[in-house]
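Read through the structure below, which is laid out as structure tokens, and then see the notes.
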Amino acid sequence: MSGPQPAFPLARVSRRAEWIILAVALVSVLLLPRYYPVMNQMAIIALFAVSLDLILGYAGIVSLGHAAFFGLGVYTAALFAKHVHGDPFLGLVIAAIAAALLGLATAVLILRGTDLTRLMVTLGVALILLELANKLDWLTGGADGLQGVVMAPVLGLFTFDMAGRTAYLYSLTILLLMLFLARRLVASPFGMSLQAIRDNRLRAEAIGIPVNARLAAIYTISAGVAGIAGGLLAQTTSFASLDALDFQRSADILLVLVIGGTGYLFGGVIGAVIFTAMHHWLSAVTPQYWQFWIGLMLVVIVLAGRERLVRAILSPFTWLLGLARGRSGPAK
Amino acid sequence: MLTILFDGVAYGMLLFVLACGLAITLGLMNFVNLAHGAFAMAGGYVTVLAMSKLGLPFLACLPLAFLVAALLGMILEPTLYRRLYGKSHFDQVLFSIGLAFMAVATVDFFMGSTQQNIRLPEWLRGRSEIGGVGMGHYRLLIIGVCAALAIGLQLILSKTRFGSRLRAAVDDTRVASGLGINVNRVFLFTFAFGSGIAGLGGALGAEVFGLDPTFPLKFMIYFLIVVSVGGTTTITGPLLASLLLGIADVAGKYYFPKMGAFVIYSVMIVILLWRPQGLFSRGSGK
Amino acid sequence: MNKRTLLKSMTALSAGALLAGAMLPAAAQDTVKIGLILPMTGPFASTGRQIDGAARLYMQQNGATVAGKKIELILKDDAGAPDTTKRLAQELIVNDKVTFLAGFGLTPLALATAPLATEGKVPMIVMAAGTSIITDRSPFIVRTGFTLPQTTYPIADWAAKNNIKKAVTLVSDFAPGVDAETVFKSRFTAAGGQVLAELRVPLRNPDFAPFLQRVRDASPDAVFVFVPSGVGSIFMKQFAERGLDKAGIKIIGPGDVTDDDILNDMGDVALGVVTSHHYSAAHPSAMNKAYVEAFRKMNNIRPNFMSVGGYDGMALIYKALAATKGDTNGEKLVAAMKGLSWESPRGPLTIDAQFREPVQNMYIRKVEKVGNELHNVEFETLTAVKDPTKVAK
């Protein structure tokens, strides 16, 4: 593969993007109560996409099996809540640790080879995990899914309600927190060294960056974040099922990230919003043939040029940003 | 024991026909076509329709499936695919998955979501015992067709003028066109040919794998495994990889039915770790 | 194509996605909504099509008004993913204020949604999923399809009585398959039969060959098969191709393997296969003849056993609403459903008051050629069969 896309020009304005996302999120909480469940899903997918962006956009590691970590997070959080303790935050920490450990253990697999090799090896890991979850049905419930997960209220105060309000706010908070941390991470010397490796591995090695150790580190971190996203899904649906580990899940998240754009972290969020909204809307309008329209959307996005599309959608926001900076017109 | 081996070979051969078109587009044209399975599906449905509506015999449907899928490739290559040769692999993945989704929904719309069936002629349905090895006639046919195809492909690529033009066009597009090779035409025919083979594979495979609108997505993983393990620089690579996977899968399911699904993935990971470029690559040329 | 217009329309489209529904008119008081969640895409789409078609047929035949309420059917596609099913159910309950949840094509989908039915006090009509435990998961679940123990044990008894001494079981590796395997084994061995091997085929398995080779090596009198609706034809072909029919091995099982939807395309291979099930498109009643004809006319496919689950599910909803005189209280509706009895295309059907399970006739059928088509022709009837695992408790 020719490597990930360079960051959009948009990355330049993304310094304020946290605030935009925060504002949009707050507005959505107030204005769109009908959509809490969907928006919860968006937040989870967004976090998952951010985790993939950490390795894909910043370290140039392609993966078709990121669902392995997501799924492990799902099952860990669900099992922890079921058998040990129902506290959501504690569960997330455990899910993150479990997924990160798996990331560390499998990092050795992605250090060698071409992009195609990496795609297939990561895919293989996810599929093996899927089979494992299927076979260990005494633990995971197998193909029937894991039932009977009961969550304690968030902070002991907010119970997960039927309308999905608590779930959405909870996922949103975690997403924003993780975004904040991820931005600090990629801007740190560590993050810079990753980008150097992405852009030219040989040169990075030559200036003394411990390439393999850095790649393994970011892979582990990314796995942990994916585990948190999975944990959120398990906790907010109080349920775990095999499709969390499915190939479809890995492929979808890659699509989401590519739609939004790699290498600036907010691409995952944007992609998640677009993809989930389209999916939700289309499958409500035409339950049988929505796949056609999703497919058409992907084709059109590629042919028309993704960057221009995203910019067109975001132009109101960039314009606002321009205003906020005391300039008129869209920031180029 | 030998029967299992025979089944594995037949299964592997089938995988090869289905995946080798992908190996061609990926290896020779450097294009990731995840909609590859859609061409195979087209071939399968052409066979089903031609047999039920036109009453054509099964064997006559095989070339027809090839032609229709090739024609489809010939229409889509200049209109859509060509625009993406220069783009990144991500765009190609996104684009071709989009096409695959559209194909799934379109077939569903026209043909319904139920399993389609091909009624084989009587002489293909039988089974013979030769030296204690039970062999299905249909599987024999598959092996025959695929072996012929593999040899034919190898000859075309290495011996014919078209083959050398193609390799030249791939190695250096600019120089090739400077030498008077019509690169666009070479790519067009290559793509159509790859699609046609997929169509043929779909027609042959419908009997074994079943045929429903989700076909392109269901078998995408298998195609990718074959291509990545086999490497994309030769024809023999994917062929041997297909056989290996076919045998490993069938034998794994037979001898360790509880572990069956693990076998194919584990084999893949081990091979890829050992030979990251694929088993049979020309070194790190790409 | 003008790219700029394209861009604009794309933008408008995604904006529309966010706003769609915000403008939907508020639900009128006299409308009763039914949220029908089915796999309409993906590998189990045929189940969804059958049930959706049958539900619409019922509404067409019986009008869209019951007890002064207008019935509105909201169809959602879950593509067979449990977390989607659950989210859709949540939205249907919270946003659309549905009175009934219905559908549920596979066991995991039903199990995932069960807690919501309890919490929202919404009756949940399981039309397709066949694992026995489903109805235990919520007092609001009522089943109109079948359970696998129910459809499996008649064939086990029949096999033991009809000179089948040794059998191999081959089932899809998920809860309904395991249910079928367990029930068959216990009934068959209790009746003196012997199970030589128990094979479980992964759900997503393109090739039955190695499993069938094991069956052949064991050389039993019969192979007991359960595969989900739609997969039967692949199994059947490979069975014949492997020469197992010529080796004298019979196929028996619950009727899923000779699914009416695809049976006709299987060809002569399927002739003579004996199965037990609750519904056959060839069921000889005037009502069923009319049903099959109307279903074919409307949906262009032959109805299978999934379809009657959908048809009777709608019947159950209509009858319950009539009984409560339009009261949409979930507890009252479930209470009204218990013990209801009516004539279905499959024969007489009763909802067990204790377990909320269908009590229905089981038929032993054999695949035969009727006219130009293959059909499951019934030749033995067991009346008013309950789920045996629940009777035992």
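Every read-out reported here was derived from the displayed coordinates using simple, explicitly stated rules and does not represent laboratory data. Quantities reported herein were computed from a predicted structural model and do not represent experimental measurements. Cβ sites come from the backbone with ideal geometry, for glycine too, and all protein chains shown count toward neighbours.
Only lysines eight or more places from residue B:159 in sequence, or on another chain, were considered; those with a Cα closer than 27 Å are B:286. Taking other residues whose beta carbon is less than 13 angstrom from the beta carbon of residue C:285, and scoring Lys, Arg as +1 and Asp, Glu as -1, yields -1.
With the convex hull constructed from alpha-carbon coordinates only, the protein assembly as shown shows a mean projected area of 40.4 nm² over all directions. Peptides B:160-172, A:89-101 ranked from most to least packed give A:89-101, B:160-172, packing being the mean of other C-beta atoms within 10 angstrom over each peptide's residues. Model label sites at residue B:173 and residue A:199, defined 7 Å from Cα along the beta-carbon direction, differ in position by 2.6 nm. For the set C:76/C:319; A:82/B:253; C:297/C:332; C:338/C:369, the pairs lying more than 27 angstrom apart at their alpha carbons are A:82/B:253; C:297/C:332; C:338/C:369. The distance from the alpha carbon centre of the stretch B:65-109 to that of the stretch A:182-261 is 30 Å, rounded to a whole number. In plain terms, if you count all Cα to Cα distances in the stretch B:121-196 and split them into 10 Å steps from zero, the share in each step is 17, 32, 19, 16, 12, 4 percent.
Take each residue in C:172-184, count the other chain C-beta atoms within 10 Å of its C-beta, and the mean is 2. Per residue, the Cα convex hull of the stretch A:19-145 amounts to 140 Å³.
Among C:221-234, C:144-157, how do they line up by average Cβ neighbours within 10 Å per residue, starting with the highest?
Details: C:221-234: 25.2, C:144-157: 27.1.
Top to bottom by mean Cβ count within 10 Å: C:144-157, C:221-234.
About its Cα centre, chain C has a charge dipole of approximately 440 debye under the convention of +1 per Lys or Arg Cβ and -1 per Asp or Glu Cβ, with nothing else charged. Ranked by the mean number of other Cβ atoms within 10 Å per residue, highest first, peptides C:378-388, A:216-226 order as A:216-226, C:378-388. With a 10 Å cut-off around each Cβ of B:208-217, the average count of Cβ atoms from other chains is 5.
With the Kirkwood sum run over all distinct C-alpha pairs, the stretch B:74-227 has a hydrodynamic radius of 18.5 Å. Dipole of the stretch C:335-393 computed with +1 at Lys/Arg Cβ and -1 at Asp/Glu Cβ about the Cα centre; of C:358, C:347, C:389, farthest Cα towards the positive end is C:389. Evaluating 6.51 cos²θ - 1.76 cosθ + 1.60 at θ = phi - 60° for every residue in the stretch A:261-278, the Karplus couplings come out as x, 9, x, 9, 6, 6, x, x, 5, 4, x, 4, 5, 5, 4, 5, 5, 4 Hz, glycine and proline recorded as x.
Ordering B:20, B:61, B:146 by the number of other Cβ atoms within 10 Å of each residue's own Cβ, fewest first, gives B:61, B:146, B:20. Between residue A:162 and residue B:83, the distance separating the two model label sites (each 7 Å from Cα on the Cα→Cβ line) works out to 4.9 nm. Per-residue shielding of A:31-38, expressed as the average number of other chain Cβ atoms within 10 Å of the residue Cβ, stands at 5. Taken about its Cα centre, the stretch A:9-324 carries a charge dipole of roughly 880 debye when the Cβ of each Lys and Arg holds +1 and the Cβ of each Asp and Glu holds -1. Per the Debye formula with a single identical scatterer at each Cα and no solvent contribution, what log10 I(q)/I(0) holds for chain C at q = 0.11 Å⁻¹? Results for chain C at q = 0.11 Å⁻¹ read -0.77.
Share of pairwise Cα-Cα distances greater than 28 Å in the stretch A:9-324 is 39 percent (whole percent). With the simple spin-label model, which puts each label point 7 Å out from Cα in the Cβ direction, the residue A:285 to residue A:30 separation comes to 3.0 nm.
Quick check on the exposure proxy: order C:342, A:293, B:274 from fewest to most C-beta atoms within 10 angstrom.
Values: C:342 13, A:293 20, B:274 9.
So the ranking, lowest neighbour count to highest, is B:274, C:342, A:293.
Taking Cα centre as origin and charging only the Cβ of basic (Lys, Arg, +1) and acidic (Asp, Glu, -1) residues, the dipole magnitude of the protein assembly as shown rounds to 2420 debye. In plain terms, the residue of B:9, C:377, B:250 with the fewest other Cβ atoms within 10 Å comes first and the most crowded comes last, giving C:377, B:9, B:250.
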